[in-house]
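Have a look at the structure below, then the notes.
Bear in mind that the values in this text are calculations on the coordinates, not laboratory data. Only a predicted model underlies this, so the values are computations on that prediction, with no experimental measurement involved. Cβ: placed from backbone, ideal geometry, glycine included. Neighbour counts: every protein chain shown.
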């Protein structure tokens, strides 16, 4: 039995994005995002209910600032205590899995969608999608872009404006375009809240 275009898409195989079976699924996500982005910010329960119906898996505790955009929604899985600032965009043609206690700055973009390099193949509207996985306790700074087929390890920090094109290990700080590891995160980092500014100076720790 041959696979549907949706099954090919989720499996990371070449598929046709203009397939009739996919259009209503995208429209459903577009309408859900439209509703979500129009809700009065004080109506927190209504906002959560829209995303719970849209996403594939959600916890009880999460917060996504408006506006938010995605392709399908059902491929998005978020962990507990997830927070995203304004203008999160997730092109979830493949699964996007986000761990617990993850924070996103504004204008974060996650792209699982891709197109063939050669124009003749690309013009047939053949596409592919590869998953993105983000571990627990990750912080993505503002304007970070995550490309397809990337895994970010737990406890890692990605600096603002970075473009992540390959896997980033756990427990590191990584920045740049393309994003590269600059150093490990160590126990000594617990003493500071910003560069050399110590928490102890404010009687916090």
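Each residue, residue 170 and residue 6, gets one label point 7 Å from its Cα in the Cβ direction; the gap between the two is 3.5 nm. Which label belongs to the value computed from this structure, given these candidates for Kirkwood radius over Cα pairs in Å: (i) 17.7; (ii) 18.6; (iii) 18.1? Correct label is (iii).
Here r is the Cβ-Cβ distance between residue 195 and residue 49 and R0 is 25 Å; the resulting FRET efficiency, rounded to 0.05, is 0.05. Panel order for 199, 140, 22, by other beta carbons found within 10 Å of each beta carbon, from fewest to most: 199, 22, 140. Averaging the sequence gap over all C-alpha pairs within less than 8 Å and six or more residues apart, then dividing by the number of residues, gives segment 5-202 a relative contact order of 13 percent.
Considering only beta bridges that DSSP places wholly inside segment 8-130, some 20 percent are antiparallel.
For 152, 117, the sequence from fewest to most other C-beta atoms within 10 Å is 117, 152. If R0 is 41 Å, the Cβ-Cβ spacing of residue 122 and residue 203 corresponds to a FRET efficiency of close to 0.10.
Under a Gaussian network description of the chain, with springs only between Cα atoms under 10 Å, the residue in 192, 111, 15 that fluctuates furthest is 192.
Computed FRET efficiency, Cβ-Cβ of residue 154 and residue 60, R0 25 Å: what is it to the nearest 0.05? All intermediate terms of the calculation are to be shown ahead of the outcome.
Details: r = 21 Å, r/R0 = 0.85.
The value I calculate is 0.70.
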